[in-house]
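Structure first, commentary second.
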Amino acid sequence: METQNRLWRVLLLALPILVFSVLVIWPLLSSFYYSFTNWNGFNRDYEFLGLRNFAKIWTDRLFFNAIVNTTIWMVAALVLPTLTGLFLALLLDRQVRGARIFKTVFYLPICLSAIVVGQIWIWIYQPDWGLLNTFVKLAGNPDFNYAWLARPDSALFAVIVAWSWQQTGLSMVIYLAGLTSIPSEMLEVCEIEGATAWQRIWRVVIPLLTPSTVVVVALSMINSLKGFDILYIMTGGGPFNSSDTLAMHMYNESFKKYLMGYGSAISVVLFLIALTVIGVYFRQLRKVDEIYG
Amino acid sequence: MARVELRNIHKSFGATEVIRGVDLTIGSGEFMVFVGPSGCGKSTILRLISGLESVSSGQILFDGEDMTRTAPSKRQLAMVFQSYALFPHLTVAENIGFGLSLGKTPKTEITRRVTEVAKILQLDSLLDRTPRQLSGGQRQRVAIGRSIIRNPKVFLFDEPLSNLDAALRVSMRLEIARLHRKLGDVTMIYVTHDQIEAMTLADRIVVLNGGRIEQVGTPMEVYENPANTFVAGFVGAPSMNFIRCCVDGDGVARFGPAGIRPTRPHEVSGDALLGIRPEHLALVDSGQGTFDAEIELVERLGAESLVYLRAPFLERAITVRAGGALGLSEQKLVGVQVDLTNLHVFSPSSPTLKQDP
Amino acid sequence: MADVAVSVPARFNPWPATVFVALCILAALFLAPTAGVLLSSVKTTRAIALGDLWSVPDRIYLENYAEVLFNPAVHRYFLNTLLVTVPATVASIALGVLAGHVFAKLPFRGSNILFLIVVSGMFFPPQVILVPLFRLFNGLGLIDTLWPIILVHTALGIPICTLLMRNFFAAVPNALREAALIEGANEWQVLTRVSLPLSLPALAVLATLQFTWIWNDFLWPLIFTQSDDKRTIMIGIVNLRGQYTVAWGVQGALSLVASLPTLVIFLFFQRYFIKGMTMGAIKG
């Protein structure tokens, strides 16, 4: 039996592991390698620069700008969809009339591509007839004409709002799944002990949702590190690099300036940040598992 | 149809050894039942015979042919699982014909054989249903049908009745006995923790404990001549009573005020354990029996009563099987009469059953 | 004493109504952006430019859709996207099925670590492997073909497909596999005749997820293709922005048409979609 099992293991795993190794693991490792070179993307040859790309990072003002923007992006894109998603899930958890339709509405944006979402929000922010400015005009400011995406002060936040609009459904769904796994006895205990609705939510429901919160937080952080498409179409990192994130900066350096070695160095930094997030995530997940199992 | 031999079988999972050297020959056409407390390794032995698990060391032979490294599908055996293991996406007919459909058997042949088997098991009217639409007993019969269709040499049952309710269990037990007779000389190996199944179905019983065989024998042999206190305590319900005693040079076993001479031959002297089955004790008036004891509790089961007695020289309460409508009251002092022809004497170092309170 | 049915007037509970109204307002806010695009797509550019976007049109103007649907470039984009999405979806699920079966039913020493490595592939920003993959496919002369996109999506789909399939296969009772083995099945037959037929919901989940993600992807076609007739639809939207600079209505129609396949899948297979999202997220 064991002999056959060994054979089947090899037969079945060979292809998936081969494809995964060649197209994911190997490129991941060689990214480190290229980060020590000055490869330009076209020539066969390149020079070995040692740590010079990483030294350059220290002096690259745009890199620090990208780090700051990525941090803002990560924090804002974490707080907004998480809170809205939690709020929506709490509203929808009770048997509201039409709950299914509401869920579909809130969840719908997730099936749209970031490109289409970007496109939609460009409309909203359009200075002359966009929904946002139309509202402001209706609210008694008829000459209001603010180009949200063209101003360095607002561009990044404008994109974050669009991004949150799309991501809210995801955290809502995860919270809803978490809510259904709370045993109804626990809520009945609250009723018997005489807790108010407010106390029930703050003292019982939200603490019991901790596993979902861990998942939502980690997922939003990881997703915001990946965020690229929506920035590409809405601002392209501009104006004046005001919405340039690490992923965007890496793309620009590698594929606009053809500094693929330097781009790899940036991607290594990106990788290390992601690794930290994932590491913390797995540890929290294990901790949460021990308590809430 | 096949003689199954196990030679010095050992099996470890990681660092834990679950089977510690088992030697056993199961005769062709024999109905062999493995019993033992949970964790004794009875299911593991069955899985080793089936080939689903590989032995760590030792040999498994079918009719003298070494099967130790043979794949389960090549061993010509069938297995009925505790959960029935019916394929939920297939109909009854497809479930029964599953094994045949894997090979090159033509469709018409499969249909013919499936109908045949279904008739034997009275499943003809259910062939198009899926397992979910069947009752527990019907599922069990489908599982058996799937096993017999390929004419296996060896039949393995892994606690096949434990998922059924009590009434159904009795009728399925009869059905399995009938099947064994009908199939004639098919070797059947049956794992259970239910003593009644073991006693009623088995040609021979294997009592297992901690990965070792404690005793092999016909049901009555095992019941009447248990090899050690483990077997004695495990087989029979309610369990055998054990009383610490001292056997003197004359062969008289003394405990408390009592001294009795067991009539069965034994070789124990000095400290010993006296084993007495509840049915071999009788209640008499105080002072009239072998010793006196106080009634702690009476469980009335209708046809009979179980009386639990205590005495200062008894380590734990002893059980007496008594008639149905006795005028017994708790805390009454009674005499206990011991049937001297049915006494078992064990050495105190004999392996014992860990008793749950 | 006679039994008197006392009817207690139900105490008025304001909560359900409040929650319902709140949800309606939020839903309207959530739908507004999509509604805007929908409205723009049935209006003339002139009407939009005059600030008439947010009114309900009295006449539905379909020229924008005609412009999109009869544009041969759009046909090309759609075809390319299909040529990428379908094979990559099928291939990634197939590989996930193979690996998932091993991790669920044939575990071995170290298989948990291997599984963890494969699954964590789901979490890394794709930018990390951008440059090496570009060099790899450049060296193979495959830049500006659809091949690298198909291959990379297949590989990047392995983590989620393996994760979901393993979880599903693990839920199939071991006794079923063992019964099949005893009946004479080999491991391949166990997989194809027992495990897979029982895991159709998982396949549906993965098919919807993978199709949507690959269809919507922008980064990989952006990196791997250059000429217009190799571009996929999401790149097409960006490219055509130049052609239809102020033709807002055409852009809106194009966005909607490009999202149609994923919208349809989402609306019809929402259950599977949500299940996949939560399973992928939570069991990770």
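The values are calculated or read from the model by the stated rules, or taken from the named source; none is laboratory data. All values derive from a computational prediction rather than experimental measurement. Cβ: placed from backbone, ideal geometry, glycine included. Neighbour counts: every protein chain shown. Note: accessible area is taken over every heavy atom of the protein model, side chains too, but ligands, DNA and RNA are not part of it. Shrake-Rupley method; radii C 1.70, N 1.55, O 1.52, S 1.80 Å.
The lysines within cross-link reach of residue A:137, meaning a Cα-to-Cα straight distance under 29 Å and a gap of 8 or more places when in the same chain, are C:43. Is the protein assembly as shown rounded, prolate or oblate when judged by the Cα gyration tensor, a ≥ b ≥ c being the square roots of its eigenvalues, rounded requiring a/c under 1.5 and prolate requiring a/b larger than b/c? Here the protein assembly as shown falls in the prolate category.
In order along region A:99-107, the phi-based Karplus estimate (6.51 cos²θ - 1.76 cosθ + 1.60, θ = phi - 60°) of 3J(HN,Hα) comes to 3, 5, 5, 4, 4, 4, 4, 5, 8 Hz; Gly and Pro are listed as x.
Once the other residues with Cβ under 11 Å from the Cβ of residue A:193 are scored (Lys, Arg +1; Asp, Glu -1), what is the net sum?
Taking every Cβ under 11 Å from that of residue A:193, the sum is 0.
Residues whose amide H falls under 5 Å from that of residue B:12, counting only those 5 or more places apart or on a different chain, are B:18, B:56, with hydrogens built in the peptide plane. Remark: spin-label model distance residue C:38-residue A:287 equals 4.5 nm, labels positioned 7 Å along the Cα→Cβ axis.
Out of every Cα pair in chain B, what percent are spaced more than 28 Å from each other? Before the final figure, lay out each step's value.
Numbers: 33820 of 63546 pairs.
I get 53 percent for the Cα pairs in chain B exceeding 28 Å.
Set the bar at 27 Å for Cα to Cα. Now go through B:107/B:153; B:74/B:104; B:104/B:153; A:56/A:257 and name every pair that lies beyond it. From B:107/B:153; B:74/B:104; B:104/B:153; A:56/A:257, over 27 Å: none.
Looking at region C:184-284, the trypsin sites (Lys or Arg not before Pro) that sit in a DSSP loop and have at most 16 other Cβ atoms within 10 Å of their own Cβ are C:283. Note on residue B:3: accessible area is roughly 90 Å² with a 1.4 Å probe, heavy atoms of protein only.
Largest mean-square fluctuation among C:213, C:248, C:188, in a Gaussian network model of chain C whose springs join Cα atoms under 10 Å apart, belongs to C:188. Counting only DSSP beta bridges with both residues in the protein assembly as shown, the antiparallel share comes to about 75 percent.
Each Cα pair under 8 Å and six or more residues apart adds its separation to the average, and for region A:178-282 the resulting relative contact order is 22 percent. Each of B:273, B:260, B:308 was scored by the projection of its Cα onto the charge dipole of region B:240-314, and the greatest displacement toward the positive side belongs to B:273; charges sit on the C-beta of Lys, Arg, Asp and Glu.
Helical content of chain B, expressed as a calculated mean residue ellipticity at 222 nm, amounts to -6500 deg cm²/dmol (DSSP H runs of 4 or more residues, -39,500 (n - 2.57) each, divided by residue number, nearest 500). In this rough spin-label picture, where each label sits 7 Å from Cα along the Cβ direction, the residue B:264-residue C:226 distance is 9.5 nm. For the options C:180, C:27, C:47, a Gaussian network treatment of chain C with springs between C-alpha atoms closer than 10 Å singles out C:27 as fluctuating the most.
Estimated from the Cβ-Cβ distance and a Förster radius of 45 angstrom, the FRET efficiency linking residue B:347 and residue A:181 is about 0.20.
Between residue B:313 and any residue 5 or more places off or on another chain, the built amide H atoms are never under 5 Å apart. Taking R0 as 56 Å, what FRET efficiency do you get between residue B:59 and residue A:44 from their Cβ-Cβ distance, rounded to the nearest 0.05? Efficiency, from the Cβ-Cβ distance: 0.35. Modelled spin-label separation between residue B:108 and residue B:130, with each label point placed 7 Å from Cα along the Cα-to-Cβ direction: 3.1 nm. Could you list the residues of region C:166-197 with an amide nitrogen less than 19 Å from a label point located 7 Å from the Cα of residue B:13 in the Cα-to-C-beta direction? Taking a point 7 Å out along Cα→Cβ of residue B:13, the residues of region C:166-197 whose backbone N falls under 19 Å are C:170-179.
The listed residues B:199, B:240, once ranked by accessible area (1.4 Å probe) with the largest placed first, stand as B:199, B:240.
Based on DSSP H segments of at least four residues, each scored -39500 (n - 2.57), chain C has a per-residue ellipticity at 222 nm of -22500 deg cm²/dmol. Using C-alpha pairs under 8 Å with a sequence gap of at least 6, the mean separation divided by the residue count of chain B gives a relative contact order of 16 percent. Counting Lys and Arg as +1 and Asp and Glu as -1, what is the net charge of the other residues whose Cβ lies under 14 Å from the Cβ of residue B:131? Net of charged neighbours comes to +3.
When chain C is treated as a Gaussian network with alpha carbon springs shorter than 10 Å, the biggest mean-square fluctuation among C:206, C:50, C:95 belongs to C:50. Restricting attention to region B:4-229, close to 55% of DSSP beta bridges with both partner residues there are antiparallel. Distance cut-off 18 Å, Cα to Cα: go down the list A:226/A:287; A:103/A:226; A:103/C:275; B:11/C:105 and report the pairs above it. Table pairs above 18 Å Cα-Cα are A:226/A:287; A:103/A:226; B:11/C:105.
For region A:156-263, the list of chymotrypsin sites (Phe, Trp or Tyr not before Pro) that fall in a loop by DSSP and count at most 12 other C-beta atoms within 10 angstrom reads A:240.
Considering only C-alpha atoms, what is the centroid distance from region B:265-315 to region B:100-161, in Å? Centre-to-centre distance over Cα atoms comes out at 50 Å.
The Cβ shell under 14 Å around residue B:72 holds other residues with a net charge of +1, Lys and Arg each +1, Asp and Glu each -1.
Placing unit charges on the Cβ atoms of the charged side chains and taking the dipole of region A:144-293 about its Cα centre, the candidate lying farthest along the positive direction among A:254, A:196, A:168 is A:254. Computed on the Cα trace of region C:93-239, the radius of gyration divided by the Kirkwood hydrodynamic radius gives Rg/Rh = 1.07. Bridging of residue C:230 to aspartates and glutamates at a Cα separation below 15 Å is possible for C:144, C:217, once same-chain residues fewer than 8 apart are set aside. Put simply, the amide H of residue A:37, placed in the peptide plane, has neighbours under 5 Å in A:49, leaving out anything fewer than 5 places away on its chain. Computed from backbone phi, the HN-Hα couplings of region B:41-56 come to x, 5, 5, 4, 4, 4, 5, 5, 5, 6, x, 5, 10, 9, 5, 7 Hz, rounded to whole numbers (Karplus: 6.51 cos²θ - 1.76 cosθ + 1.60, θ = phi - 60°; Gly and Pro given as x). Of the solvent-accessible surface of chain A, computed with a 1.4 Å probe and all protein chains present, 65% belongs to carbon and sulfur.
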